[in-house]
Amino acid sequence: MSTPDLIPSLYRAEYSKMIAVLCRNFGLDQLGLAEDIVADTFLQASEQWPVQGIPEQPAAWLYTVAKNRTLDYLRRQKTRRDKVEPNWKADQGQSQDIAWDASVIQDSQLRMIFAICHPSLPPESQIVLALRILGGFGIEEIAAAFLSNKAAINKRLYRAKSSLREQNIELDLPDEREISQRLESVLTTIYLLFNEGYYSASPNQSLRQDFCLEAMRLAICLTEDARTQMPKVYALLSLMCFHASRFEARKVGEEWVLYWDQDRNLWNRGLIRKGEQYLNLSSTGEKLSKYHLEAAIAYWHTQEEDPEKWENILQLYNYLLQVEYSPVAALNRTYALALANSPKEALTEAKKLALDKLPLYHCLLAELYLMTEAVPLAQEHLKKALLLTASTAEQQLIKKKLQQLV
């Protein structure tokens, strides 16, 4: 692999690991310093490797340079060090040896996940920190995802980091009594991060696979540590695998494809099998979470047509809405209701939801009206959906549907 290709790949793979280990050694209040050091390390690699060649072990080279840069910086900034040092823990910042072995990296990342997903931080702060610190996404990428600009995202990041300092959040794992409770906040952040990718608000990208894959990577980190190998973690990972299995079918070329129009041959059977494995692992324990129910619903969506398929999905949605109600889940339930019972019954239930500002609501109503052969009403709702959506891919999809109905 050439340097121009290798460095971005290493950046995505190693950025969060390097940040986590540096903050573990020098304190979470030194997050800004850690970011600067890692950025400088990759800059040095981009300048040096094209001339001197790629090192035999590129990741190890990055870790060594980051370690030396951090220690050199702290020695040079003696005044700053004198100010910060009293706040360091006895085992932080005192040693000249920074360990980069796999167990330290894994533990450091797990600590960083729990720190960034601290329940005292607002959800929007958790998401933006997760994208930047855990995922290594650039400011421009984050701004595009949130339909914002670099200045606004930088301000949001500054406020989020200030909250970390002001609330004195440390890079520690909660004890065994608290870990399950704290894990709920972590899973919520991962879930929201996946949804940011799966239902991207960007006009030009209806699907951000990189965001989804990062959420899956974080969930896998949780399954690799005995302290967080819990049923609801496996359930969430299962859910994401099932959704990710339809990436290629959901967006073909530049066109976004709704579930009922997808080519089943494009579904990733390997990811479906992975989802099934994680769903089986989630079946231990006594508590049924919303992730279990959503994963079960997603599982049935990946199965070929079966006489019981839509009835099973309908019953799972009924249970999910009792556990945790959401308008979108209630909307999705109406499609299952149409196929399990009748389109007319589904239309009656869908109209009660009155989600008139949601493009998907009008797309679903259009589909239900087509099932009852009410073409003019289907056209009317597709036109409403077209006016409401900002996504270029969605607009193309709706226009195509309208042309088919002429």
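Of the heavy-atom accessible surface of the stretch 202-315 (probe 1.4 angstrom), what whole percent is carbon and sulfur?
50 percent
Roughly speaking, what is the stretch gain from residue 167 to residue 304, that is 0.36 nm per residue apart minus the C-alpha to C-alpha distance, in nm to one decimal?
Going from the current span to full extension adds 44.3 nm.
Could you pull out every whole DSSP H run in the chain that spans at least 30 Å of Cα extent along its own axis and averages -0.5 or higher on the Kyte-Doolittle scale?
3-26, 31-52, 176-198
Report the calculated FRET efficiency for residue 51 and residue 72 (r = Cβ-Cβ distance, R0 = 30 Å), to the nearest 0.05.
So, using R0 = 30 Å, E works out to roughly 0.85.
What length, rounded to one decimal in nm, is gained on full extension from residue 406 through to residue 158, with 0.36 nm per residue of separation minus their alpha-carbon distance?
Separation in residues times 0.36 nm, less the Cα-Cα distance, equals 84.1 nm.
Using alpha carbons only, how many angstrom separate the centre of the stretch 260-274 from the centre of the stretch 116-193?
Between the Cα centre of the stretch 260-274 and that of the stretch 116-193, the gap is 32 Å.
Please give the per residue accessible area of the chain, computed with a probe of 1.4 Å over protein heavy atoms only, in Å².
In whole numbers, the chain has 48 Å² accessible per residue.
Which one, 258, 19, 322, is farthest towards the positive end of the dipole of the chain when Lys and Arg carry +1 and Asp and Glu -1 on their Cβ?
Highest projection toward the positive end goes to 19.
What is the extension gain from residue 311 to residue 258, computed as 0.36 nm multiplied by their sequence separation minus the C-alpha to C-alpha distance, in nm to one decimal?
Working it through step by step, the gained length comes to 17.0 nm.
Does the stretch 1-75 come out rounded, prolate or oblate, given a ≥ b ≥ c as the square roots of the eigenvalues of its C-alpha gyration tensor, rounded meaning a/c under 1.5 and, failing that, prolate meaning a/b above b/c?
prolate
Roll a 1.4 angstrom probe over the protein heavy atoms and tell me the percent of accessible area of the stretch 364-406 that is carbon or sulfur.
After summing per-atom areas, the C and S share lands at 55 percent.
Can you find, among 38, 372, 73, the residue farthest towards the positive end of the dipole of the chain? Put +1 on the C-beta of Lys and Arg, -1 on that of Asp and Glu.
Checked the options; the winner is 73.
Mind putting a number on the dipole of the chain about its Cα centre? Charges go on the C-beta only, +1 for Lys and Arg and -1 for Asp and Glu, and I need it in Debye to the nearest 20.
Dipole magnitude for the chain comes out near 900 debye.
First check a/c for the stretch 293-354, with a ≥ b ≥ c the square roots of the eigenvalues of its C-alpha gyration tensor; if it is under 1.5, answer rounded, and if not, answer prolate when a/b is larger than b/c or oblate otherwise.
Here the stretch 293-354 falls in the oblate category.
Can you list which of the trypsin sites (Lys or Arg not before Pro) found in the stretch 254-361 are DSSP loop residues with at most 11 other C-beta atoms within 10 Å?
Sparse-neighbourhood loop trypsin sites (Lys or Arg not before Pro): 287, 357.
Could you tell me which label, among (1) 5, 24, 35, 25, 10, 2, 0; (2) 4, 20, 32, 28, 13, 2, 0; (3) 4, 19, 28, 24, 14, 8, 3, 0, carries the value of P(r) over Cα pairs in 10 Å bins from 0, in percent calculated for this structure?
(3)
Would you mind getting me the FRET efficiency between residue 184 and residue 283? Use the beta-carbon distance for r and R0 = 25 Å, nearest 0.05.
That pair, residue 184 with residue 283, gives E of 0.85.
For the pair residue 356 and residue 103, what calculated FRET efficiency results from E = 1/(1 + (r/R0)^6), where r is the Cβ-Cβ distance and R0 = 60 Å, to the nearest 0.05?
Computed FRET efficiency for residue 103 and residue 356 comes out at 0.65.
The values are calculated or read from the model by the stated rules, or taken from the named source; none is laboratory data. As the structure is a computational prediction, the values presented were derived from the model and not from experiment. As a convention, Cβ positions derive from the backbone with ideal geometry for all residues, glycine included, and neighbour counts pool all protein chains shown. Remember, those area values only see protein heavy atoms, side chains included, never the ligands or the DNA or RNA. Shrake-Rupley method; radii C 1.70, N 1.55, O 1.52, S 1.80 Å.
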